[in-house]
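Engineer: Next up is a structure, given as structure tokens.
Each reported figure results from applying straightforward, stated rules to the coordinates on display, with no laboratory input. Predicted model, so just to flag it, every value in this text is computed and none were measured. FYI the Cβ positions are ideal-geometry reconstructions off the backbone, even for glycines, and counts take in every protein chain you see.
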Amino acid sequence: MASPQFLNFADIGTVESRLCSPETPLDTVEELYRFGALVFSEVQSRSSETDRKLTSVFGWSIASLAFLVSAYTKTPVENAKIAIATAALFSLVSVIVTGFAIKTRMWRAPSEDDWFKEELWNDSRMMRCYHIVSMLHVHQVQIKHIKTKAECLGLAEICLSVAAVIAFLVLIVPLFF
């Protein structure tokens, strides 16, 4: 199995020509369809999980930004204000990155034209092959979107963590000294 960190996409044209070949056994087509449906479901689950995490980090980023802006206005010490403004900037970057990543957009999905391909009504084998190719194409597009969202999530988490460390050092540590 390939490492999850690397995207190795199959060539859709090659897959389609091999699937449509009369030499490809029907059992192979059926297995590819079954596995494609499983992978398609998995990518949708991964997308939902990534969106859930992004939404959570988005909320925390907004909350930390609000807290830091409030702390900035109440801090009389100039050096502390600079540090708090820096932390607020990191929180703001996190808000922007997560907001971009969770922005609602329409992704490519199989259409009813893909589902009910008129010229394939009388050939169930070719219809199954066509559906496999449609799922493969949509899977590739969606996994690219998930990769982008995951990269944004990682950046936002780092920014939020940096903001939290700065806020802790500036606002909490002085209370003990």
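Engineer: Scanning the stretch 144-164 for residues that are touching a residue at least 40 places away in the same chain (Cβ under 8 Å) and of a type in the set (Val, Ile, Thr), which turns out nearest to residue 59 (Cα to Cα)?
Structural biologist: Ranking the candidates gives 162 first.
Engineer: Quick check on my filter: what residues within the stretch 139-173 are over 14 Å from the mean Cα position of the chain (by Cα), surrounded by fewer than 19 Cβ atoms within 10 Å (Cβ to Cβ) and of a type in the set (Val, Ile, Thr)?
Structural biologist: Selection gives 158, 162, 165, 172, 173.
Engineer: Can you pull out every residue in the stretch 97-128 that is closer than 30 Å to residue 61 by Cα and surrounded by 15 or more Cβ atoms within 10 Å (Cβ to Cβ)?
Structural biologist: 97, 98, 99, 101, 102
Engineer: Right, here's the next one. Within the stretch 53-67, is even one residue free of Cβ contacts under 8 Å to residues at least 12 places away in the same chain and among the basic types (Lys, Arg)?
Structural biologist: no
Engineer: Can you name the residue in the stretch 1-38 that is of a type in the set (A, V, I, L, M) and surrounded by fewer than 14 Cβ atoms within 10 Å (Cβ to Cβ) and, of all such residues, is farthest from residue 144 (Cα to Cα)?
Structural biologist: So the residue we want is 26.
Engineer: So how many residues does the stretch 119-165 have that are in contact with a Phe, Trp or Tyr (Cβ under 7 Å, 6 or more places away or on another chain), more than 21 Å from residue 15 (Cβ to Cβ) and aliphatic (A, V, I, L, M)?
Structural biologist: Residues in the stretch 119-165 being in contact with a Phe, Trp or Tyr (Cβ under 7 Å, 6 or more places away or on another chain), more than 21 Å from residue 15 (Cβ to Cβ) and aliphatic (A, V, I, L, M): 3 in total.
Engineer: Separate question: Determine which member of the set 16, 31, 23 is more than 30 Å from residue 158 (Cα to Cα), among the acidic types (Asp, Glu) and touching a residue at least 24 places away in the same chain (Cβ under 8 Å).
Structural biologist: After applying the criteria, what remains is 16.
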